[in-house]
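Below is one structure, written out as structure tokens; the observations come after it.
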Amino acid sequence: MSDSSILARASSNGLDKVVAAETALSHVDGEAGRLIIAGYDLEALVATHDFEATAALLWSTAGLDPAPSASEVRAQLGAARVAAFRLVPVLLAAARGLTVTEGLRAGLSLLPDEDKDLPAHIRAVGSVPVFVAALCRRDEGLPAVAPVAYAGHAEDFLRMLRGAPASAAEVEALNAYLVTVTDHGMNASTFTARVIASTRAGLISATVGALCALKGPLHGGAPGPVLDMLDAIGTRDHIKPWLVDEISKGERLMGFGHRVYKVRDPRADVFNKAVMLLTNGNERVKFARDVEAVALSTLKEMKPDQRLDTNMEYYTAILLEALGIPRSAVTAVFALSRIVGWSAHVIEQERVGRLIRPASTYIGHWPDNQAA
Ligand code: CMC
């Protein structure tokens, strides 16, 4: 096959299986349903690391020098949350009329790429919980709550969101979520971050672009629609007809299917376990599991040529709902964790130092009837 036909096929396949970078940060085995993050199997990482320890691991693996410890990351993130809180009045003025995710996009844009006090990866990660909590409370007509510098990131986010401390079980469940979604191979938002980093635009700029890519429903925007789907189905007797009707209309079932996983997404299992611990399998969770079972069998019947299984966004929706995260904020809470992965990829890409600049195949008209 010629170079140009390989390129044309790669772009029409959405660059499926095209290797765009070498990374030590994570590996996704879609056939085995296995996710490795910086040398740890996902389940082992969740069992041994909290959010700060995972961030320290990823930044060290990316080549940050000197490699930070978990306690150094915790102290720095606390300082960054306090610094970000000073920007909240400007953020709320700039974010009038914007959704929480759009408001977060505006908030990250307020940060300079260079700053003498704290490194960009710390400022980026430290700002997100402060901005997201303030934007959620704005939607409720409530004032922003100041961060507590010595608290853990997950604990402080829930406290800033609610205006009251969360239980230890809730903090543990949120930590499990945040650790699980820190990094995931060359997904669309991470690729975006690496492309921007390769132009030497700076880490903050790379995370703004990455958030824009994450926002779409085919990537990080699916959990809200998952909850909308559960609400629209409403009762058990509606499950099958509702799903059949959607698929017949050519709609996609949110929370199912994945470009890389052809079996169940292992992250869904981590979230399922966390949600069961948190809710003891309440009626909402039982209903969601019933919908999942019928959705899987219906997809098999109606899309027999596709290997469509549950992806992590399905259980993200249920877990974050159980934690009282507003539906409007689930994508922004995904970003609260994934920004660690984006920043680690930026650090890794900056060490590579080469501009990412792929080729394309011209399929337009040639001037004066000239052929290629
Ligand atoms: N429901 C119904 N049909 C589906 C679905 C779905 N969720 N996913 C894929 N298909 C069908 C699609 O319609 C197509 O069928 P046909 O050939 O008959 O037209 C076929 O499967 C192949 O689809 P594709 O778009 O080529 O597959 P992809 O690899 O590009 O899709 C995906 C991956 C995640 C975009 C897709 O499965 C999807 O849209 N899922 C729903 C949205 C969702 O849950 N997104 C969160 C993804 S996980 C978070 C992350 O890791 O970023």
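The values are calculated or read from the model by the stated rules, or taken from the named source; none is laboratory data. Just so we're clear, the structure is a prediction, and the values are computed from it rather than from any experiment. Using ideal geometry, Cβ is built from the backbone for each residue, glycine included, and neighbour counts are taken over all protein chains shown. We work out accessible area using only protein heavy atoms, side chains counted, and drop any ligands, DNA or RNA first. Shrake-Rupley method; radii C 1.70, N 1.55, O 1.52, S 1.80 Å.
Averaging the Cα positions of each part gives two centres, and for the stretch 73-111 and the stretch 219-252 these lie 33 Å apart. Element breakdown for the chain at a 1.4 angstrom probe: carbon and sulfur atoms account for 54% of the accessible area. Packing, as the average of other Cβ atoms within 10 Å across residues, places the peptides 168-180, 215-227, 246-258, 126-138 in the order 126-138, 168-180, 215-227, 246-258, highest first. Relative to the 2.2 N^0.38 Å rule of thumb, the stretch 223-322 has a C-alpha radius of gyration ratio of 1.01.
Stretching Ser71 away from Asp245 to a fully extended chain increases their span by 57.5 nm, per 0.36 nm per residue minus the current alpha-carbon distance. In this simple spin-label approximation, Ser109 and Arg252 carry label points 7 Å from Cα along the Cα→Cβ vector, and these lie 2.6 nm apart. Taking only alpha carbon atoms, the stretch 1-151 gives an Rg to Rh ratio of 1.07, where Rh is the Kirkwood radius.
Using the charge dipole of the chain (Lys, Arg: +1 at Cβ; Asp, Glu: -1 at Cβ; taken about the Cα centre), state which of Asn272, Leu142, Gly30 has its Cα farthest towards the positive end. Towards the positive end, the residue furthest out is Leu142. Taking every DSSP helix (H) stretch of at least 4 residues in the chain, weighting each as -39,500 (n - 2.57) and dividing the sum by the residue count yields a mean residue ellipticity at 222 nm of -18500 deg cm²/dmol. Once you reduce the stretch 169-191 and the stretch 318-372 to the center of their Cα atoms, the two points are 16 Å from each other. With all protein chains kept in place, the per residue accessible area of the chain amounts to 46 square angstrom at a probe of 1.4 angstrom. In this label model, Asp139 and Ala201 are separated by 2.6 nm, measuring between points 7 Å along each Cα→Cβ vector. Computed over the stretch 172-291, the Cα gyration tensor eigenvalues convert (square root of 5λ each) into semi-axes of 31, 19, 12 Å, ordered from largest to smallest.
Within the chain, which DSSP H helices have Cα atoms that stretch 24 Å or more along the helix axis and a mean Kyte-Doolittle hydropathy of at least -1.0? Once both thresholds are applied, what remains is 120-139, 283-302, 330-352. Candidate cross-link partners of Lys273 among the lysines, defined by an alpha-carbon separation under 28 Å and a same-chain spacing of 8 or more, comprise Lys215, Lys240, Lys262, Lys286, Lys300. Charges were assigned to the Cβ only: +1 to each Lys and Arg, -1 to each Asp and Glu. The resulting dipole of the chain about its Cα centre is roughly 440 debye.
Secondary structure note: in the chain, about 90% of the DSSP beta bridges are antiparallel.
Extension gain, Thr361 to Leu277, is 25.1 nm, computed as 0.36 nm per intervening residue step minus the present C-alpha separation. Taken about its Cα centre, the stretch 228-372 carries a charge dipole of about 420 debye when Lys and Arg each add +1 at the Cβ and Asp and Glu each add -1 at the Cβ. Length gained on full extension, Asn13 to Asp41, computed as 0.36 nm times the residue gap minus the Cα-Cα distance: 7.2 nm. Along the axis of the charge dipole computed for the stretch 223-322 (Cβ charges of +1 for Lys and Arg, -1 for Asp and Glu, origin at the Cα centre), the listed residues Ala317, Ala232, Val263 are led at the positive end by Val263. Taking the chain as a Gaussian network, where each spring joins two C-alpha atoms under 10 Å apart, which residue of Asp139, Asp29, Asp245 fluctuates the most? Of the options given, Asp245 has the highest mean-square fluctuation. Here the chain was treated as a single set of alpha-carbon atoms; its pair distances binned every 20 Å from 0 give 28, 57, 15, 1 percent.
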